[in-house]
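Accompanying notes for the structure given below.
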Amino acid sequence: MDIISPKELHRRLKDGEDIVLIDVREPWENEEFNIGGELIPLGELMGKMVDLEKHKHQTIVIYCKSGSRSQMGQNLLFNYGFDDVLNLEGGIEAWLTDVDGV
């Protein structure tokens, strides 16, 4: 599966790249800390495919707490024909360790 490290994502966002961020955590997790992604809990992702269709050919980075739920979401998006979906390696836990102190 295609992954992106927290440091690489941080660099690309800082450089102004057009990246769609999707947070598949639960609302309470997103409230604790977020990096600006659209909150679509994993259980609701399938029902949002029509809304996400406009991003089908853009780079999408999907993330969760550790990378497990986002990997499931990544598979779902690939199955629906999204062609550039990256999973944030290690999720928000890795982001907090690798980037938050930058």
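The values are calculated or read from the model by the stated rules, or taken from the named source; none is laboratory data. The structure displayed is predicted, hence computed values, not measured ones. In this analysis, Cβ positions are derived from the backbone assuming ideal geometry, glycine residues included, and neighbour counts consider all displayed protein chains.
Details
- Scoring residue 102 on the criteria (1) modelled with pLDDT under 95; (2) part of a strand (DSSP E or B) leaves a single failure, condition (2).
- Residue list for the range 73-101, restricted to those being over 23 Å from residue 49 (Cα atoms) and of a type in the set (S, T, N, Q): 97
- Selection count, the range 69-98, where residues are among the aliphatic types (A, V, I, L, M), touching a residue at least 60 places away in the same chain (Cβ under 8 Å) and surrounded by 18 or more Cβ atoms within 10 Å (Cβ to Cβ): 5
- Taken over the range 68-94, residues that are polar (S, T, N, Q), part of a helix (DSSP H, G or I), within 18 Å of residue 19 (Cα to Cα) and in contact with a helix residue (DSSP H, G or I) (Cβ under 9 Å, 6 or more places away or on another chain) amount to 1.
- In the range 1-15, the residues that are within 11 Å of residue 87 (Cβ to Cβ) and among the polar types (S, T, N, Q) form Cβ pairs under 9 Å with partners that are at pLDDT 95 or above and not in a loop (DSSP other than H, G, I, E, B), at six or more places apart or across chains, as follows: 5/88; 5/94.
- Of all residues making up the range 4-31, the number that are more than 10 Å from the chain's Cα centre (by Cα), outside any helix (DSSP H, G or I) and farther than 16 Å from residue 71 by Cα: 4
- If only residues of the range 34-67 that are buried (at least 19 other Cβ atoms within 10 Å of the Cβ) and in a strand (DSSP E or B) are counted, the one that is nearest to the chain's Cα centre (by Cα) is 62.
- Some residue of the range 36-49 being at pLDDT 95 or above, touching a Phe, Trp or Tyr at 6+ places or on another chain (Cβ under 8 Å) and more than 23 Å from residue 10 (Cβ to Cβ): yes
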